[in-house]
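The values are calculated or read from the model by the stated rules, or taken from the named source; none is laboratory data. Since this is a predicted model, take the numbers as computed values, not measurements. Here the Cβ is made from the backbone with ideal geometry for all residues, glycine too, and neighbour counts use every protein chain on show.
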Amino acid sequence: MINNYFYPLNFAGLGKEYSDYKSSFFTIIPVPFDSSTSYSPGARKGPLAIIDSSIQLEWFDDELELENYKLGIHTFNFLDTKIHPEKTVEILEKVVGKVLKDGKFPIVIGGDHSLSYAPIKSLKEKIGNFTVIHFDAHSDLRDEYQGSKHSHACTARRILDLDIPVVQIGIRSLTREDYNFIKSNPSKIKTFFAREIYNSTKDYPLIEKAIKTDNIYITFDVDVFDPSIIPSTGTPEPGGLGWYQVLEILKMLVNKRNLIGFDVVELAPNTSGPSEFIIAKLIYKLIGYITFKKEKKGEKIIKKEHKH
């Protein structure tokens, strides 16, 4: 872990000029919460591990030839998750609601996947029509799991209950009931299985065509990656996607659609290692794709020099 007496506990270790809430476009909302975990616990440790690891990131992105932080990245204090789970979700909804009201971009770091419902619900109330792009190894379509309708295993089903269409990417673990539900609801949900896209890019345009709205939200469960890349997750599954596959899909989504927010969930670090750094870099890359698109459109970015 990084010694935070020397570095601010801000994503990427940014100084005040690029992390102040008022001047920042991006907001990081860390939520150390994993009360619905069903296999290996530890996702509550994910936000701190990711933010700590992000301090080691190089700010310059060679792919984009850009310092991705230039729109500003504010990191909220960690949400208090020692209260009742439903209260945590309610508070998160309010925080995201404020971020949206202030014209900023929400990035939620979990925590288990049940948290994703809160920012998506807030965006539904604020923006209305959009599609959720669901990166995951698991379909998360159970109507109820272990006595709860808000388990991490029910996330996609609860999103559909909000009348929001879902496009799933990387799925490779689901029940027969989940599979039948997908086949029976083609207008609500489209699933791209990992085995179909693992060795080919031909399905990437099909992913884009499956999205019927301009606005999209990304919910990113880190177990979509192959466990050889991200071993630190609660329910790893073999046969996952690779780093550059995921980046190409994310870049396509940002370029072709209007991304209105995203969350990254289910990192469960056991020891300090590569998984949390990789996820920190993934978040920074996605911030970069958005910043690059805005810069190309001539939108204002912060021009101050910033020294690492």
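The figures follow:
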{"quantity": "Of all residues making up segment 163-187, the number that are out of contact with any Gly (no Cβ under 8 Å at 6 or more places or on another chain) and either assigned to a strand (DSSP E or B) or touching a residue at least 60 places away in the same chain (Cβ under 8 Å) (or both)", "calculated": "6"}
{"quantity": "Filter result for Glu58 (surrounded by fewer than 16 Cβ atoms within 10 Å (Cβ to Cβ), at pLDDT 90 or above and under 14 Å from Leu282 (Cβ atoms))", "calculated": "no"}
{"quantity": "Tally of residues being out of contact with any helix residue (DSSP H, G or I) (no Cβ under 6 Å at 6 or more places or on another chain) and closer than 18 Å to Val224 by Cα across segment 136-150", "calculated": "1"}
{"quantity": "Scope segment 212-229; condition over 12 Å from Asp136 (Cα atoms) and either surrounded by 24 or more Cβ atoms within 10 Å (Cβ to Cβ) or of a type outside the set (Val, Ile, Thr) (or both); matching residues", "calculated": "Lys212, Asp214, Asn215, Tyr217, Pro227, Ser228"}
{"quantity": "Residues of segment 188-237 that turn out to be at pLDDT 95 or above, closer than 26 Å to Ser275 by Cβ and part of a strand (DSSP E or B), as a count", "calculated": "10"}
{"quantity": "Any hit, segment 127-139, residues being small (Gly, Ala, Ser) and modelled with pLDDT of 95 or more", "calculated": "yes"}
{"quantity": "Single condition Ser151 does not satisfy, out of (1) more than 21 Å from Ile29 (Cα to Cα); (2) of a type in the set (S, T, N, Q); (3) crowded, with 18+ Cβ neighbours inside 10 Å", "calculated": "(1)"}
{"quantity": "Enumeration of residues in segment 136-162 that are outside any helix (DSSP H, G or I), touching an Asp or Glu at 6+ places or on another chain (Cβ under 6 Å) and in contact (Cβ under 8 Å) with a residue 60 or more places away in the chain", "calculated": "Asp136, Ala137"}
{"quantity": "Residue check, Asp80 farther than 21 Å from Ser23 by Cβ and acidic (Asp, Glu)", "calculated": "yes"}
{"quantity": "Unique match (being of a type in the set (Val, Ile, Thr), touching a strand residue (DSSP E or B) at 6+ places or on another chain (Cβ under 8 Å) and surrounded by fewer than 24 Cβ atoms within 10 Å (Cβ to Cβ)) among Ile159, Ile164", "calculated": "Ile164"}
